[in-house]
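Some notes on the structure that comes next.
The values are calculated or read from the model by the stated rules, or taken from the named source; none is laboratory data. Note that the coordinates shown come from a computational prediction; the quantities given were computed from them, not determined experimentally. With ideal geometry, Cβ positions are generated from the backbone for all residues, glycine too; neighbour counts draw on all protein chains shown.
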Number of protein chains: 2
Amino acid sequence: MKPEPLASLIRLDLPPPSTSDKTADADRLIEGLKRIGIDDVNVPVGVIRPLSKQLREDVFSITAVVGLRGDRVEVLDIGRERIFGIALDLGSTNLVCLLYDLKTGEVCDRREAENPQVRYGADVLTRVQRSMFGEYGLLRKALIDGVNRLIATICGLNGVGADEVFALTAAGNTIISHFFLGVDVDNIPLSPYIPAVNRSVVTSGHEVGLDIHPRAVVYVFPNAGSYVGGDIISGILFSGLHKEENPVLFIDVGTNVEVTLGCRDWIMVGAGAAGPALEGGVAGIGRTASKGTIRSIGIDNSGSLTFDMIDGGEPAGICGSGLIDLISALYSSGIIDRAGRFKAAEGRVFERDGEMAYLLHKGGGGELWLTEKEIGNFLLSKAAMFSFLYVFMRAVGIGFRDIPRYYMAGALGCGINPESAVAIGMLPDVPRERFVPLGNSSIGGAGMVLLDRRLTAEVEDIASRITYREMNEDGALMQVLQGALFIPHTDPAILKGL
Amino acid sequence: MKPEPLASLIRLDLPPPSTSDKTADADRLIEGLKRIGIDDVNVPVGVIRPLSKQLREDVFSITAVVGLRGDRVEVLDIGRERIFGIALDLGSTNLVCLLYDLKTGEVCDRREAENPQVRYGADVLTRVQRSMFGEYGLLRKALIDGVNRLIATICGLNGVGADEVFALTAAGNTIISHFFLGVDVDNIPLSPYIPAVNRSVVTSGHEVGLDIHPRAVVYVFPNAGSYVGGDIISGILFSGLHKEENPVLFIDVGTNVEVTLGCRDWIMVGAGAAGPALEGGVAGIGRTASKGTIRSIGIDNSGSLTFDMIDGGEPAGICGSGLIDLISALYSSGIIDRAGRFKAAEGRVFERDGEMAYLLHKGGGGELWLTEKEIGNFLLSKAAMFSFLYVFMRAVGIGFRDIPRYYMAGALGCGINPESAVAIGMLPDVPRERFVPLGNSSIGGAGMVLLDRRLTAEVEDIASRITYREMNEDGALMQVLQGALFIPHTDPAILKGL
């Protein structure tokens, strides 16, 4: 069976009415859809209104946009020639969107923008607290306005009308998904931590307040609790973990670290805060991937660092994968010690504003410095990530070497060098080919559902099978964390097994 | 099984969340409904928005308004204590509405008002013509404003808030139903006479533009073609004709005469214009039923006419049933001849403005006159009605005496005296107990569906079984009509059989 997008464009050649066939216009449309296998379709009044004129203008050869609404197919509009869809990753820090041509299933463009809620608080819990004190409306408006601006940008750049967007899928953590839907977040941070809704929500562009077609199908991924949001579920779908015969691991690193271990029989998720350091967000020189961003760093024969920039040009900053390489190179070159401290103020290491710092680059555009404090923050995030992973695996009783594949998404998903990550003790020391980068798995899963409505059932199934394991309550965590603050670890054997 | 209204109020005692039950609020509501047998319910985002607060205010003992939307049950609102419903008869001339308490199923009140579209044309075809020349918007607005005023009146008089109305059923002829939904009427009067929609439409208060709860379930009866509207289908449902073992007749007289003959195996409908005379609309003294309206007329021992007024008082006008009695009395007293002409200017018959007229009443409030021309118009309508009935029955091949019951609705449904109607040749000469008045069957059926959503399937079944018989094309009609212009008929035998 061919995949069916959440909204599809169908051309129908209907028999024109005659004295022997007086079927009404809407009934004729419904019967036409039935003949091609689309049963029990709903035609809303808003579509019947322009129908009679459109049918006669088009001499009963008409296009219909049909979409999934609940369990039922609905005619969203008629007389269209093009239809588009949008997959949205609602990140705490960044909003990412993909524009799809739903006639071909091809991606037209990808755009991202900062989540405007960041100005109300870098972490989502701060935003929830501000909401509880009367600023919910402001926070919701900031998010929806941000999404609408992103949609307007991507549509504008690609010559697509906002009302040509007939489907949108959105995946985000539980709190951001709640803001997106405009439902209460107040009870999420209070014991027993109850979301307003966990199930997937199928609604319309109008109901959410999006500047797309008002009847567009909007699908918001389900959550599996306050700490396991739709972004993780979307990522699991994208990784295929839920279909594996043997347990595999899926690590998504953003502001939080989310670790999923599972297979077709069971799925276990743990999550915890790691801070934005692994995304390059802590370093003053950190920046997201764009022209001039250093994405990887090597050491040449002379012992000097070599940079690889996105689209070449002058180095303008560094992203997460570059930072991992850099820390690894500084350590292997003996410039920093196991604790991440500079050994001596020599070579490119200088004292600057009372603090030791490494001069990564000096050019026409200015200087790029990495300070000792920034390295410390990075190591804290690295330690948190590895410790979560270690404690989680130990709780389940599976060793690092027993895992055939490590799917990596988020900050780890965009082409990090596993050698560097293992060298600094961020990832376990297993054969490097087991690390499989997935990119942005959250938007990947959102795109999959956009292009195949039948996957919504698979998503529900994933959500229902997830067990959440609280890790902050695990006493072993702090112990492992202390050692993981060093490069690669105070007990390097821990990287190989459990 | 208990009948279930289109919208019902349900009280749910939900288990409060705990550390061992972290079900989200919307999911908890859905599970609570499932436990009482309401499966696969949809909770729209607009209901999830206030849900978390309401659940905690009500300590998880909450009310939910659930309604049928398509094949699926939807939660329309939460936290209500009362819910109401409205049944609407969308007549060409009058709008009638019943207000129901949906908790008890009882009728609270009945109100009616003139259809404001009347100012654009007494008959619906004139209104369609004006629509085709750019006045559709005006005509639609007139109707919806009229309905909204009627709803505001009936709600206001009964202390009901507009947003407490969660269900509305509407039955009207095909054209008025189209105006109500806001869909095109342009193709209805043009061969091959194609409506925009025949199926029943289930939509919302918001979509139609009604001043009731925006998510209220609005059910508009299906049509069975351009000439057989939802009012007839609703009337058939109310009469029970579609369940009869042997064929019975159902006559609905308004501005049109609609004749339905059928049983559980088949249903045949014929319709034609009769003019408003049978409703009392042609006579200058005609008025709808209200205080002072003459509803029946007798002849006392002295040969004088005696009046029975609604709520007593001074005679102020006459309604359809009174007019039938009056014509019959004038004929049996020898005041008018078989052609409806006054025999002599004696007694209460005077020449007035160059025309013979009967002084029905003279009092403090003025004089009530019935002119010869008005009698002629009445006889034309009477003749049209009887001829339709006769030709229709003959086409089917069933005699008057073979019909065990004559259900009468509309102008005939409100207590006409069958003796008078038979005497003037308006109804066939069969045992009088076979005539069963149904009142306003259109609103009767609308009320039935409002109180029992399962009847929507029965309505669809009725609509699908209806065969329409074009009667204006029947050559025999004009022949019978000529004789029927006389009292009771030029060939009285025709009243007894076929």
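Determine which single condition A:Ile10 fails, assuming it passes every other condition in (1) among the β-branched types (Val, Ile, Thr); (2) surrounded by fewer than 20 Cβ atoms within 10 Å (Cβ to Cβ); (3) within 14 Å of chain B (Cβ to nearest Cβ).
(3)
If I ask for residues that are assigned to a strand (DSSP E or B) and farther than 20 Å from A:Val220 by Cβ, which ones from segment A:88-109 would you list?
Passing the criteria: A:Asp101, A:Glu106, A:Val107, A:Cys108, A:Asp109.
What is the one condition in (1) modelled with pLDDT of 95 or more; (2) more than 20 Å from the chain's Cα centre (by Cα) that A:Leu455 does not satisfy?
Of the numbered conditions (1) modelled with pLDDT of 95 or more; (2) more than 20 Å from the chain's Cα centre (by Cα), the odd one out for A:Leu455 is (2).
Kindly establish whether B:Glu244 is more than 14 Å from chain A (Cβ to nearest Cβ) and either over 16 Å from the mean Cα position of the chain (by Cα) or among the aromatic types (Phe, Trp, Tyr) (or both).
Judged against the criteria, B:Glu244 is a match.
Only one of these is surrounded by 21 or more Cβ atoms within 10 Å (Cβ to Cβ) and away from chain B (no Cβ under 14 Å): A:Ala152, A:Ala167. Name it.
Just one listed residue meets the conditions, A:Ala167.
Tell me, please, whether a residue that is among the hydroxyl-bearing types (Ser, Thr, Tyr) and closer than 20 Å to A:Ile188 by Cα can be found in segment A:134-152.
yes
Any residue in segment A:447-458 that is in contact with a Gly (Cβ under 6 Å, 6 or more places away or on another chain), assigned to a helix (DSSP H, G or I), in contact (Cβ under 8 Å) with a residue 40 or more places away in the chain and under 25 Å from A:Leu237 (Cα atoms)?
Looking for residues that are in contact with a Gly (Cβ under 6 Å, 6 or more places away or on another chain), assigned to a helix (DSSP H, G or I), in contact (Cβ under 8 Å) with a residue 40 or more places away in the chain and under 25 Å from A:Leu237 (Cα atoms), one finds at least one in segment A:447-458, hence yes.
Give the residue, chosen from A:Leu139, A:Leu157, A:Leu168, that is of a type in the set (A, V, I, L, M, F, W, C), closer than 27 Å to A:Gly439 by Cα and within 21 Å of the chain's Cα centre (by Cα).
On inspection, the qualifying residue turns out to be A:Leu168.
If A:Ser387 meets every condition in (1) farther than 20 Å from A:Lys496 by Cα; (2) modelled with pLDDT under 90; (3) of a type outside the set (Lys, Arg) apart from one, which number is that one?
Unmet condition: (1).
Contact list please: Cβ distance under 6 Å, first residue in segment A:173-197 and farther than 19 Å from A:Leu143 by Cα, second residue among the polar types (S, T, N, Q), pairs at least six apart or on different chains.
As it stands, the answer is A:Asn187/B:Ser52; A:Pro192/B:Ser18; A:Pro192/B:Thr19; A:Tyr193/A:Ser226; A:Ile194/A:Asn187, since those pairs meet every condition given.
Anything in segment B:45-87 that is of a type in the set (D, E, K, R), touching a Leu at 6+ places or on another chain (Cβ under 9 Å) and part of a helix (DSSP H, G or I)? List them, or say none.
B:Arg49
Would you say B:Pro17 is within 30 Å of B:Ser177 (Cβ to Cβ), facing chain A (nearest Cβ under 10 Å) and out of contact with any strand residue (DSSP E or B) (no Cβ under 6 Å at 6 or more places or on another chain)?
For B:Pro17, the condition - within 30 Å of B:Ser177 (Cβ to Cβ), facing chain A (nearest Cβ under 10 Å) and out of contact with any strand residue (DSSP E or B) (no Cβ under 6 Å at 6 or more places or on another chain) - is not met.
Restricting to segment A:399-436, count the residues that are not small (Gly, Ala, Ser) and not in a helix (DSSP H, G or I).
Residues in segment A:399-436 being not small (Gly, Ala, Ser) and not in a helix (DSSP H, G or I): 19 in total.
Across segment B:45-96, which residue is farthest from the other protein chains (Cβ to nearest Cβ) among those that are small (Gly, Ala, Ser) and under 30 Å from B:Glu114 (Cβ atoms)?
Going through the qualifying residues, I end up with B:Gly91.
Kindly indicate the residue of segment A:188-202 that is at pLDDT 95 or above and facing chain B (nearest Cβ under 7 Å) and also nearest to A:Ile144 (Cα to Cα) among those meeting that condition.
Filtering segment A:188-202 for residues that are at pLDDT 95 or above and facing chain B (nearest Cβ under 7 Å), the one nearest to A:Ile144 (Cα to Cα) comes out as A:Val201.
I need the strands (runs of 3 or more DSSP E) fully contained in segment B:281-352, keeping only those with at least 3 residues that are of a type in the set (A, V, I, L, M).
B:293-299
Examine segment B:218-238 for a residue that is within 14 Å of another protein chain (Cβ to nearest Cβ) and on the phi > 0 side of the Ramachandran plot, and state whether such a residue exists.
Yes, segment B:218-238 contains a residue that is within 14 Å of another protein chain (Cβ to nearest Cβ) and on the phi > 0 side of the Ramachandran plot.
What number of residues within segment A:2-38 are within 36 Å of the chain's Cα centre (by Cα) and touching a residue at least 40 places away in the same chain (Cβ under 8 Å)?
Total satisfying the criteria: 10.
crowded, with 23+ Cβ neighbours inside 10 Å, out of contact with any Cys (no Cβ under 8 Å at 6 or more places or on another chain) and not in a loop (DSSP other than H, G, I, E, B), is that true of A:Phe392?
yes
Would you check if there is a residue in segment A:230-244 being farther than 24 Å from A:Asp452 by Cα and among the hydroxyl-bearing types (Ser, Thr, Tyr)?
No, that holds for no residue.
Please go through segment B:176-187 and pick out each residue that is more than 7 Å from every other protein chain (Cβ to nearest Cβ) and in contact with a Lys or Arg (Cβ under 7 Å, 6 or more places away or on another chain).
Within segment B:176-187, just B:Phe179 meets the criteria.
Quick one: how many residues across segment A:20-44 are under 26 Å from A:Val449 (Cβ atoms), part of a loop (DSSP other than H, G, I, E, B) and either in contact with a helix residue (DSSP H, G or I) (Cβ under 6 Å, 6 or more places away or on another chain) or facing chain B (nearest Cβ under 10 Å) (or both)?
Residues in segment A:20-44 being under 26 Å from A:Val449 (Cβ atoms), part of a loop (DSSP other than H, G, I, E, B) and either in contact with a helix residue (DSSP H, G or I) (Cβ under 6 Å, 6 or more places away or on another chain) or facing chain B (nearest Cβ under 10 Å) (or both): 4 in total.
With respect to the numbered conditions (1) exposed (fewer than 14 other Cβ atoms within 10 Å of the Cβ); (2) not in a helix (DSSP H, G or I), which one is the sole condition not fulfilled by B:Ser464?
(2)
On the given criteria, is B:Leu210 within 11 Å of chain A (Cβ to nearest Cβ) and over 20 Å from B:Ser441 (Cα atoms)?
no
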